[in-house]
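K.L.:
Here it is, the structure in full.
The values are calculated or read from the model by the stated rules, or taken from the named source; none is laboratory data. Values in this document were obtained by computation on a predicted structure and should not be read as measured data. Don't worry about glycine lacking a Cβ; one is built from the backbone with ideal geometry, like all the others, and counts go over all protein chains shown. What goes into the accessible areas is simple: the full protein's heavy atoms, side chains included, and nothing from ligands, DNA or RNA. Shrake-Rupley method; radii C 1.70, N 1.55, O 1.52, S 1.80 Å.
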Amino acid sequence: MLKGKSILLGITGSVAAYKSIDIIKRLRQEGASVRVIMTEASTRFVTPLSIELAVGEPVYTDMFKLPLSHVSLPAGADLFLVAPATANCIGKYAQGIADDMLSTTLLAFSGQPGRVLMAPAMNWRMYENPIFKKNLDYLASLGVQFIGPERGSLACGEEGIGRMADIEKLLESVIAALTEQDLAGENVLVTAGPTREYIDPVRYITNRSSGKMGYALAQTAGRRGAEVTLVSGPVSIRPPEGVDVILAESSRDMYTAVMDNIPMSSLFIMSAAVADFMAAEPKTSKIEKKDKFSLNLLKTTDILEAVGRLKKRPFTVGFSAETGPRIDRARKKLAAKNIDMIVFNDVSKEGSGFDVDTNEVVIIDREGERKLPVMKKVEVAAAIFDRILELKGG
Ligand code: CTP
């Protein structure tokens, strides 16, 4: 997600400085090139050598070692991340003080507003001090983005606000800051994962959906600036950062969650694999073993169809997972469920099935069809939103 992006990372003197090694690793994994500036104080918490090993080049601490590096470094950077950011560093930046390599380079960075991200880390008393708050509010009013801090146990042994934000949260904010916000203003409702239809208190009917496609859609929409609500069936993957998650176990729970949120949504994507059947009479105690047993099943409510029938509904997208090249079935579902777009995939094909990170889809809408090659699920998600924006704009 950060291929070709150049990131300046400032590390200041907080206990959280040791986490910088992981931050560098994650940024580089996403394809970014990273250059690091450390304050003197930060070198007491983590050695420059450890950081150099993570980043693969020398770190900058001394302003006078390489003349004009405080100007050349920011000139080539797309984003400036300071993590951890101490009260001292934030205070100096707010006052325009440039008395070391990091503060001088920060001042020389003239990226667009929102391209300076800071992850505060300090004792809660410092964080809640009105002097610090004033500095923070002033910088925020200029467009500096603050990520965290979080509440929890602090280095001093106290509980309170001041812990540096989680690394994945930092990474997500960096990606969002470097992504075009073309879904800003949209309220996106996404469903994901399977549902469970209980037969008795210990057994249920379900399917193999991992939720990965729906989670990728929710993550992509959030990164592109949308407000996202994710209605999720039971899955074992971590929800994307910055997304409201509503857990829904059965198709009935999912129906209720969707209907409650549809009025606030401008875009609805039904990627969940809702169980088609539920027990006609679920038992309240465990069914005992018998030689033969038959189960009466009823059809579950078709959530997508119910949304398609609404008088006023958002732009609505469904999925059509088929076992074989049955694109005709997807086309029929688009019309029958009265929706705007359906995404067809053949789950029996390699790279397109359950629990994999890739998918091969055809996007079908009222104007035509687009066959995409095998792609990562986040790339499929991006292509779906690109097409939605084209259709909404046209
Ligand atoms: N869907 C739904 N509620 C259901 C079943 C399906 O909202 N009870 C949605 C799915 O989330 C998907 C679309 O309908 O977006 C198509 O689902 P799919 O299982 O492919 O088709 P069905 O309509 O269930 O028909 P069939 O099982 O015969 O293929």
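K.L.:
Name every residue in region 260-280 that is buried (at least 18 other Cβ atoms within 10 Å of the Cβ), touching an Asp or Glu at 6+ places or on another chain (Cβ under 8 Å) and within 10 Å of Leu189 (Cβ to Cβ), in order of residue number.
P.N.:
Residue satisfying the conditions is Leu267 alone.
K.L.:
Go over the candidates Ala257, Ala273 one by one and state the one that is aliphatic (A, V, I, L, M), modelled with pLDDT of 95 or more and more than 10 Å from the ligand (Cβ to nearest atom).
P.N.:
Selected residue: Ala257, the only one of Ala257, Ala273 that is aliphatic (A, V, I, L, M), modelled with pLDDT of 95 or more and more than 10 Å from the ligand (Cβ to nearest atom).
K.L.:
For the structure I just gave you, tell me whether Ile237 is away from the ligand (no atom under 16 Å from the Cβ), under 23 Å from the mean Cα position of the chain (by Cα) and not in a helix (DSSP H, G or I).
P.N.:
yes
K.L.:
Going by what's in this entry, would Ala257 be described as within 19 Å of Phe319 (Cα to Cα), of a type in the set (A, V, I, L, M) and open to solvent by less than 40 Å² (accessible area, probe 1.4 Å)?
P.N.:
So Ala257 passes the test.
K.L.:
Okay, next question. For residues in region 289-314 being among the acidic types (Asp, Glu) and within 18 Å of Thr195 (Cα to Cα), which is farthest from the ligand (Cβ to nearest atom)?
P.N.:
Checked region 289-314; the qualifying residue farthest from the ligand (Cβ to nearest atom) is Glu305.
K.L.:
Also, quick follow-up: Does region 253-310 hold any residues that are part of a helix (DSSP H, G or I), closer than 23 Å to Asn345 by Cβ and not hydrophobic (A, V, I, L, M, F, W, C), and which are they?
P.N.:
Correct list: Glu305, Gly308.
K.L.:
Quick one: in region 369-388, of everything that is outside any helix (DSSP H, G or I) and in contact with a strand residue (DSSP E or B) (Cβ under 7 Å, 6 or more places away or on another chain), which residue is surrounded by the fewest Cβ atoms within 10 Å (Cβ to Cβ)?
P.N.:
Lys371
K.L.:
With the structure loaded, tell me whether Gly242 is on the phi > 0 side of the Ramachandran plot and within 15 Å of the ligand (Cβ to nearest atom) or whether it fails that test.
P.N.:
Considered against the rule, which asks whether it is on the phi > 0 side of the Ramachandran plot and within 15 Å of the ligand (Cβ to nearest atom), Gly242 comes out as no.
K.L.:
Quick one: in region 333-368, of everything that is of a type in the set (D, E, K, R) and in contact (Cβ under 8 Å) with a residue 40 or more places away in the chain, which residue is surrounded by the fewest Cβ atoms within 10 Å (Cβ to Cβ)?
P.N.:
The selected residue is Asp355.
K.L.:
A further question on this structure: Leu9 fails exactly one of the following numbered conditions: (1) of a type outside the set (Lys, Arg); (2) more than 21 Å from Gln112 (Cβ to Cβ); (3) open to solvent by less than 40 Å² (accessible area, probe 1.4 Å). What is the number of that condition?
P.N.:
All conditions are met except number (2).
K.L.:
Being in the same structural domain as Pro240 (by TED's automatic domain parsing) and more than 20 Å from Val235 (Cβ to Cβ) narrows it down to one of Asp365, Asp357, so name that one.
P.N.:
The unique qualifying residue is Asp365.
K.L.:
Considering (1) assigned to a loop (DSSP other than H, G, I, E, B); (2) at pLDDT 95 or above, say which one Lys333 fails and leave the rest.
P.N.:
(1)
K.L.:
Of the conditions (1) away from the ligand (no atom under 14 Å from the Cβ); (2) touching a residue at least 40 places away in the same chain (Cβ under 8 Å); (3) in contact with a Leu (Cβ under 7 Å, 6 or more places away or on another chain), Lys286 clears all except one; give me its number.
P.N.:
(3)
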